[in-house]
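Worksheet for the structure shown next.
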Amino acid sequence: MKRPDLSQFQKEAIVGNLLGDGHLQKGLNSKFPRLVFHRGGKDAPLIYAQHLKEIYGNITKQDIKVSLSKAGRYTSYFATRSLPALDYYYDLFYQNSKLKFVSPLLLNHVTPISLAYWIMDDGYMDRTSTGISTDGFTEAEVLFLSKLLADKFNLQNTVRTHTRTRGFDKLPYKGDKPLSWTIHIRVNSMDLLRSLVTPYMIPVMMYKITPK
């Protein structure tokens, strides 16, 4: 049976998802990786999971698994098929490691579609401008992504340092608290950001680029 190919839209969206919450996984009995989505939150993340299931429908067999907590939070999960077409992205983001990393080659791969899916995954509105949670990447990786946004899209931004209650394996500590870095789009670049990503964002995620 012929394995399905990825459309150009899917290729660009995958880059955004992998910069965000999505991850690639290789099973013990699988030669090729699969794309995995595991999301939690109120209604919007569930609707977004349904949207992702639609755009990756030709490479996905399983239904979305959904659970609802007593606090009214949904947890949704689904994964694509294991495919040779995903090998390229595994090498791009993992290079035989279980931890994602930022490759300089991303400069050639991040597009407005990628940016839209990255923001729908990990963006948030910080009063008047959009922030992007890049907590799982090192300072050098976040600075590279910051420069990519400025150089490729002319999106002026700043990088902020935070301490966290929970760390990732590759992040340093300040005292007993792990450090992380996030990207914040400057207010004077918000109109440009909206013009780039609005065509590809679903309505329930527009709050991530809309001032409060």
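The protection proxy used here, the mean number of other Cβ atoms lying within 10 Å of each residue, ranks peptides 140-146, 197-203 as follows, highest first: 140-146, 197-203. Relative to the longest principal axis of the Cα atoms of the chain, helix 139-153 runs at roughly 90 degrees. The alpha-carbon of residue 100 sits under 20 angstrom from the alpha-carbons of these aspartates and glutamates, leaving out residues fewer than 8 places away in its chain: 12, 21, 87, 91, 121, 122, 135, 139, 141, 169.
If you line up the long axis of helix 112-122 against the longest principal axis of the chain, both from Cα atoms, how many degrees apart are they, to the nearest 10? Here the helix axis deviates by roughly 80 degrees.
When each of the peptides 21-28, 184-191, 103-110 is scored by how many other beta carbons lie within 10 Å of its residues on average, the order from highest to lowest is 21-28, 184-191, 103-110.
Taking the chain as a Gaussian network of alpha-carbon nodes connected by springs under 10 Å, the highest mean-square fluctuation of the residues 20, 136, 57 belongs to 57. Once Kirkwood radius over Cα pairs in Å is calculated for the structure shown, the corresponding label among [x] 18.8; [y] 20.5; [z] 17.9 turns out to be [z]. Axis of helix 43-55 versus longest Cα principal axis of the chain: the two differ by about 50°, to the nearest ten degrees. With the highest mean first, a sort of the peptides 10-17, 77-84, 119-126 on other beta-carbon atoms found within 10 angstrom per residue produces 10-17, 119-126, 77-84. Give me the one-decimal Kirkwood hydrodynamic radius in Å for the stretch 8-93, with the sum taken over alpha-carbon pairs. Hydrodynamic radius (Kirkwood, Cα pairs) of the stretch 8-93 is 13.4 Å. When the trypsin sites (Lys or Arg not before Pro) in the stretch 121-162 are filtered for DSSP coil states and for at most 14 other beta-carbon atoms within 10 Å of their beta-carbon, the remaining sites are 127. Here the contact order of the stretch 40-114, divided by its residue count and restricted to Cα pairs under 8 Å and six or more residues apart, works out to 25 percent.
Round to a whole angstrom and tell me the spacing of the C-alpha centers of the stretch 1-40 and the stretch 187-202. So the two Cα centres are separated by 25 Å. Summarising the label geometry, the points placed 7 Å from Cα in the beta-carbon direction at residue 95 and residue 63 lie 4.2 nm from one another.
The numbers here are math on the coordinates, done by the rules we state, and not lab data. Just so it is clear, the model here is predicted, and its values are computed rather than measured. Neighbour counts are summed over all protein chains in view; Cβ atoms, including those assigned to glycine, are modelled from backbone coordinates with ideal geometry.
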